[in-house]
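The values are calculated or read from the model by the stated rules, or taken from the named source; none is laboratory data. These numbers were taken from a predicted model, which means no experiment stands behind them. When we count neighbours, we look across all protein chains shown, and the Cβ atoms used for this are built from the backbone with ideal geometry, even at glycine.
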Amino acid sequence: MGIEFFEQDRVFKLDTPKSSYIIGIVDEENFVGHAYYGKKCRDHHLGYLCRTGEAPFVPSKNARDRLSFLDAFPFEYPTHGLGDYRESCISVRTKGGHSAVSLSYTGHKIYKGKPKLSGLPATFGSEGECTTLELICEDKALNMEVVLYYSTFEDTDVIARSVKITNKGKEPVYLTRALSACLEIDNQDFELLTMHGSWARERKIQYRKVGYGKQGVTSERGESSHQDHPFIALKAGDATQERGDVYGIHFVYSGNFFAQAEKNQFDVVRAVMGINPQDFCWKLEEGESFQTPEAVMVYSSEGLDGMTTSLHKLYRKHLIRGEYKDKKRPILINNWEATYFDFNTEKLIQIAKQASELGIEMLVMDDGWFGRRNDDNTSLGDWTVNEEKLNGGLNHLVEEVNKLGMKFGIWFEPEMISPDSELYKAHPDWAIAVPGREPGRARNQYVLDLSRKEVREHTYESIASVLRSANIEYVKWDMNRPLSDIGSMELDADRQGELFHRYVLGVYELQERLITEFPHLLLENCSGGGARFDPGMLYYSPQIWCSDDTDAIERLSIQEGTAMIYPLSTMGAHVSDCPNHTVGRVTPFETRGYVALAGTFGYELDVTKIPQEDRDQIPEQVKMYHKYNDLVREGEYYRIASYSVNHEYDCYMVVSEDKREALVTFIQVLNRPNCKSRKIKLKGLSEGLDYTIEGEEGVYAGDTLMNAGILIENPWGDFKGRLIHLTAR
Ligand code: GLA
């Protein structure tokens with residue numbers, strides 16, 4: 001496996017366990033072309049797939065029609081302005097006002113391991129786990145070096161890519177576009193898979209046929225967003241959940257993104273992924289470099305399931321870090337839906353007391369504990385404890401909670417500033433704003449200009465000093481509005497186009513500092529629910545709040561989309577009270593538990609006020625979590641049925657790595673008359689092993705369970721669920 005260069009053929013072959021990716025160096029000008037990505041090939045002689053032997057011929061053979069070549073060649077990293085009219089990955093603005101770029105290969109390095117990306121999140125792997133190729137290219141006219149990075153993994157079918165661009169000239173040059181990856185594939189009647197939503201409706205799966213022209217997803221909101229997701233996949237028309245070709249590209253980044261698929265005149269699809277060029281302009285002085293964020297590409301010949309397995313493995317083993325990487329997370333109870341802003345020390349202790357008796361392990365104090373924050377109009381930025389509410393102080397509260405045998409966690413929204421705050425009075429220029437314009441408010445707040453060092457310093461210290469003052473073991477880091485009114489009071493006019501990206505780098509720097517100073521802290525990212533659920537954030541926090549919608553039925557499709565590309569261990573999921581606060585739906589407490597079991601598991605309700613029969617179920621749910629969480633967190637996930645598709649029921653399963661244990665979760669949303677049971681074919685088991693089902697007589701052969709399936713009797717009533725636990729004999 002790994003990466004090889006075949007000098008005579010001028011071909012690079014990048015292998016993962018089940019895929020090959022082939023790059024060819026072409027013509028005297030050393031164009032870098034994409035020859036193949038797909039199922040693993042033994043051979044490397046695939047350079048011919050770059051079609052240099054047929055018209056339009058390479059420039060050395062056909063100088064009179066260079067443009068036809070440039071507009072057809074499958075470039076690895078397409079450039080702008082010289083005749084490739086498809087979506088490009090790089091463009092510039094020079095002193096003379098020109099935008100063109102042309103890249104030629106000049107050399108390469110292949111080595112074991114994978115380099116870090118300075119200031120950016122990125123997947124990682126040891127020398128035994130990864131091999132890296134640096135393809136060094138140059139634009140002689142611009143005096144610019146562009147290094148294309150590719151890393152393969154030994155244990156998962158993923159190739160990680162990023163690009164480093166260096167100005168080797170004397171004059172400054174402005175990068176107006178610097179994407180991270182491009183993929184060229186001959187059309188196979190693709191469908192484009194993307195994820196969309198809104199607040200409380202994140203990551204709903206959408207398919208559309210890839211037509212001529214450009215189609216895709218973007219964010220200009222300064223975060224990955226509720227609305228679109230930094231992920232695209234091309235699914236062959238005949239591919240299914242279990243079979244067929246799927247190519248995915250996921251962006252390891254938390255700001256503006258741009259992901260497009262374009263079918264061109266020759267029926268080839270080009271897909272690109274990177275920082276959104278809108279409002280992006282990065283000045284490179286002599287000798288300076290720009291490092292793009294990382295994009296990860298996955299190829300599966302085993303349909304969507306294969307893509308899911310590869311991405312889950314990548315993120316669990318090669319992206320998530322820290323103490324909780326492979327560890328069970330404490331069952332938490334969060335007071336947001338329980339009290340909103342109306343709480344004090346006594347109320348929180350009452351909740352904690354009752355919760356601890358039921359087996360809950362951590363109290364999380366949400367929004368409203370600082371400044372004068374009794375509603376969402378004030379005090380962001382004033383991270384001092386409101387002692388009127390927290391009478392006795394924060395440390396007292398934490399000690400009382402600890403005495404109950406529980407951990408304590410706290411909520412912050414560090415990136416924000418309320419116009420009504422002491423911080424804003426002192427530093428109005430710290431908010432992102434365009435001079436001469438009153439910045440637009442969202443939830444009555446502005447965004448702090450984290451591109452500025454002193455703003456980052458102050459923000460870090462104000463959070464860290466709270467964390468240093470008490471035994472706080474968990475932080476929920478929230479971000480409740482998108483960026484707008486893009487302007488920094490500090491950046492020069494010709495650097496304002498750097499603000500969006502500098503902001504994201506600022507967030508990363510703060511979170512890196514936080515987990516470095518507090519290595520035992522469990523960090524959970526959040527953004528008005530799931531607006532910043534992305535691989536970038538996972539580098540800092542092993543879990544992310546999935547959605548503000550805690551309704552068990554709404555969660556089925558939100559968690560289905562999320563789990564397609566993220567491990568279950570990352571999905572913040574809680575049992576909340578009914579009628580549900582977002583949709584008013586009433587579902588059985590038991591079902592709410594089954595749905596939350598798919599994620600990190602916790603509660604978001606006032607445990608002192610819920611009906612006794614619900615409260616009585618909590619100890620059972622706590623037991624259920626402890627029994628199954630290792631399997632849920634580390635097992636392989638398989639989608640079996642989707643409620644979004646069949647409108648009746650949802651079903652998925654997890655299987656342990658050794659295939660000796662599995663858990664099927666079946667949720668019947670709507671019952672159906674005259675239908676006694678549903679046949680479910682299981683997945684991921686070992687054909688040769690025999691399994692028993694907990695609570696039932698009999699032994700089932702693995703191949704029978706997968707080929708013939710089991711019958712799940714329809715529960716009586718709507719919104720009912722069942723767990724089916726299988727163990728190999
Ligand atoms: C966001 C979060 C919620 C809660 C509130 C507090 O909406 O997603 O979970 O923390 O903020 O204001």
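Residues in the stretch 175-214 that are among the acidic types (Asp, Glu) and within 30 Å of SER527 (Cα to Cα): GLU191, GLU202. Kindly check whether there is at least one residue in the stretch 281-298 that is more than 30 Å from LEU682 (Cα to Cα) and within 16 Å of the ligand (Cβ to nearest atom). Looking for residues that are more than 30 Å from LEU682 (Cα to Cα) and within 16 Å of the ligand (Cβ to nearest atom), one finds none in the stretch 281-298, hence no.
If you go through the stretch 384-409 and keep only what is within 15 Å of the ligand (Cβ to nearest atom) and crowded, with 23+ Cβ neighbours inside 10 Å, you end up with just GLY409.
The numbered conditions (1) closer than 29 Å to ASN377 by Cβ; (2) touching a Ser or Thr at 6+ places or on another chain (Cβ under 8 Å) are all true for VAL475 except (2).
For the stretch 473-490, which residues satisfy the criterion of being away from the ligand (no atom under 16 Å from the Cβ) and over 16 Å from ASP449 (Cα atoms)? Lay out the reasoning, then the answer.
At the first step, the residues of the stretch 473-490 found to be away from the ligand (no atom under 16 Å from the Cβ) are 473, 483-490.
Correct list: GLU473 only.
In this structure, does ASP614 turn out to be modelled with pLDDT of 95 or more, within 22 Å of GLY717 (Cα to Cα) and not assigned by TED's automatic domain parsing to the domain that holds LEU685? Against the criterion (modelled with pLDDT of 95 or more, within 22 Å of GLY717 (Cα to Cα) and not assigned by TED's automatic domain parsing to the domain that holds LEU685), ASP614 qualifies.
When we screen ALA493, ALA442, ALA531 for residues that are outside the structural domain of GLY274 (by TED's automatic domain parsing), within 16 Å of the ligand (Cβ to nearest atom) and surrounded by fewer than 22 Cβ atoms within 10 Å (Cβ to Cβ), the only hit is ALA442.
Could you grab me the full set of residues in the stretch 250-267 that are in contact with a Ser or Thr (Cβ under 6 Å, 6 or more places away or on another chain) and either assigned to a strand (DSSP E or B) or surrounded by fewer than 24 Cβ atoms within 10 Å (Cβ to Cβ) (or both)?
Of the stretch 250-267, the ones in contact with a Ser or Thr (Cβ under 6 Å, 6 or more places away or on another chain) are 254, 256-258.
Answer for the stretch 250-267, where residues must be in contact with a Ser or Thr (Cβ under 6 Å, 6 or more places away or on another chain) and either assigned to a strand (DSSP E or B) or surrounded by fewer than 24 Cβ atoms within 10 Å (Cβ to Cβ) (or both): PHE257, PHE258.
Just wondering, is there one or more residues in the stretch 149-158 that are part of a loop (DSSP other than H, G, I, E, B) and crowded, with 23+ Cβ neighbours inside 10 Å? Lay out the reasoning, then the answer.
Narrowing the stretch 149-158 to residues part of a loop (DSSP other than H, G, I, E, B): 154-157.
When the remaining residues are screened for being crowded, with 23+ Cβ neighbours inside 10 Å, the result is 156-157.
Yes, that holds for at least one residue.
Within the stretch 595-609, one or more residues are surrounded by 19 or more Cβ atoms within 10 Å (Cβ to Cβ) and in a helix (DSSP H, G or I). Annotation: THR459 fulfils all but one of (1) in a strand (DSSP E or B); (2) more than 16 Å from the ligand (Cβ to nearest atom); the unmet one is (1). Residues considered: ARG639, ARG633. Of these, the only one that is of a type in the set (Lys, Arg) and not in a strand (DSSP E or B) is ARG633. Select from the stretch 676-695 the residues that are in a loop (DSSP other than H, G, I, E, B) and at pLDDT 95 or above and list them in ascending order. Correct list: LYS681, LEU682, LYS683, GLY684, LEU685, SER686, GLU687, GLY688, LEU689, GLU694, GLY695.
Could you tell me whether the stretch 647-665 includes any residue that is without any contact (Cβ under 8 Å) to a residue 12 or more places away in the chain and exposed (fewer than 13 other Cβ atoms within 10 Å of the Cβ)?
yes
Note on the stretch 581-592: among residues that are within 16 Å of the ligand (Cβ to nearest atom) and not hydroxyl-bearing (Ser, Thr, Tyr), the one that is nearest to VAL607 (Cα to Cα) is HIS581.
The residues on offer are LEU348, LEU358, and the sole one that is within 16 Å of the ligand (Cβ to nearest atom) and not assigned by TED's automatic domain parsing to the domain that holds ALA160 is LEU348.
Every residue, every condition in (1) within 16 Å of the ligand (Cβ to nearest atom); (2) free of Cβ contacts under 8 Å to residues at least 60 places away in the same chain, yes or no:
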residue	(1), (2)
ASP551	yes, yes
MET564	no, no
LEU568	no, no
PRO579	no, yes
GLY602	yes, no
LEU605	yes, no
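Among the conditions (1) within 16 Å of the ligand (Cβ to nearest atom); (2) of a type in the set (Ser, Thr, Tyr); (3) in contact with a Phe, Trp or Tyr (Cβ under 7 Å, 6 or more places away or on another chain), the only one that TYR340 does not satisfy is (3). Residue under question is ALA431, and the condition is that it be out of contact with any Gly (no Cβ under 8 Å at 6 or more places or on another chain), of a type outside the set (Lys, Arg) and surrounded by fewer than 14 Cβ atoms within 10 Å (Cβ to Cβ); does it hold? For ALA431, the condition - out of contact with any Gly (no Cβ under 8 Å at 6 or more places or on another chain), of a type outside the set (Lys, Arg) and surrounded by fewer than 14 Cβ atoms within 10 Å (Cβ to Cβ) - is not met. Just the residues that are over 23 Å from the mean Cα position of the chain (by Cα), within 30 Å of GLY405 (Cβ to Cβ) and in contact (Cβ under 8 Å) with a residue 12 or more places away in the chain, please, taken from the stretch 466-499. Within the stretch 466-499, VAL466, LEU467, SER469, ALA470, ASN471, ILE472, GLU473 meet the criteria.
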